[in-house]
Amino acid sequence: MWEGRDSKEVVSTAEAFKNAACGLLLSFSLATASPSFAAQNSQMRLPPLSTDPNRCERAFTGNTIGQANGVADKVLDLRMCDFSNDKTNLKGKTLSAALMSEAKFDGADLTEVIMSKAYAVGASFKGSVFTNAVVDRVAFDKSDMQGVQFINTVLSGSTFEGANLEGASFENALIGYVDIQKLCKNPTLPEESRIDLACKP
């Protein structure tokens, strides 16, 4: 394999393979990191706020190669962006691995959105609608979720610790047993939702 190549070329090729392997391992580690752990870890350091002047508008196209594993071509930084009452631009978008802390989605229509491994700690989703959406491993901790509608939504592995769930609906949502147990511990969860989720008294 290395015949006919000088030692410098061999070292250069080996170094390239090494760098590629390290890059793949880093990508895998980030993609498999648990957002619930990140939300609970007060020492977590998020990357600096993106300087892209159009960073908020990137939500309207979503992750170009975002998938359920949270891998994307570029960090989707939506921190402190305001999408209040947006009824058209976010429908069906892929917002995997998005940074959403302190963003506003109040009254937004998030129908059929795919939101996987997103960090939405301290965000506001008052009155937003998640219809037929896939919300997988999203940290909604300390978020304002008043009146949010998770209608026919796949809601798996997401955390709502310290979130305000007053008036929130989980109508026909597909939620795992362990996730339901955690949701039922939230004191702001309305009685109707407690019945829908079969929370134990």
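The values are calculated or read from the model by the stated rules, or taken from the named source; none is laboratory data. For clarity, every value in this text was computed on a predicted model and none was experimentally measured. All Cβ positions, even for glycine, are placed from backbone atoms using ideal geometry, and neighbour counts span all protein chains on display. To get the accessible areas, we keep the full protein, side chains included, count just its heavy atoms, and leave off ligands, DNA and RNA. Shrake-Rupley method; radii C 1.70, N 1.55, O 1.52, S 1.80 Å.
Inside the stretch 156-201, can you point out the residues that are open to solvent by 60 Å² or more (accessible area, probe 1.4 Å), among the acidic types (D, E) and closer than 29 Å to K91 by Cβ?
Selection gives E161, E166, E171, E192, D196.
Take the residues in the stretch 179-201 that are among the aliphatic types (A, V, I, L, M) and within 19 Å of the chain's Cα centre (by Cα); name whichever of them is nearest to G122 (Cα to Cα).
So, considering only residues that are among the aliphatic types (A, V, I, L, M) and within 19 Å of the chain's Cα centre (by Cα), the one nearest to G122 (Cα to Cα) is L183.
Filter the stretch 159-177 for residues that are more than 18 Å from the chain's Cα centre (by Cα) and of a type in the set (D, E, K, R) and give the result.
E166, E171
Under 8 Å between Cβ atoms, at least 6 apart or on separate chains: pull out the pairs that start in the stretch 161-181 with a residue that is in contact (Cβ under 8 Å) with a residue 24 or more places away in the chain and end on any residue that is part of a strand (DSSP E or B) and open to solvent by less than 30 Å² (accessible area, probe 1.4 Å).
A168/F150; S169/F150; F170/F150; F170/L155; E171/F150; D179/L155
I'm trying to understand the selection: among the residues of the stretch 97-119, which are of a type in the set (G, A, S), at pLDDT below 95 and over 12 Å from A59 (Cβ atoms)?
Within the stretch 97-119, A97, S116 meet the criteria.
Starting from the stretch 101-121, keep only residues that are closer than 12 Å to D144 by Cβ, then list their pairs with residues that are at pLDDT below 95 whose Cβ atoms are within a distance under 6 Å, requiring at least 6 positions of separation or different chains.
V121/A39
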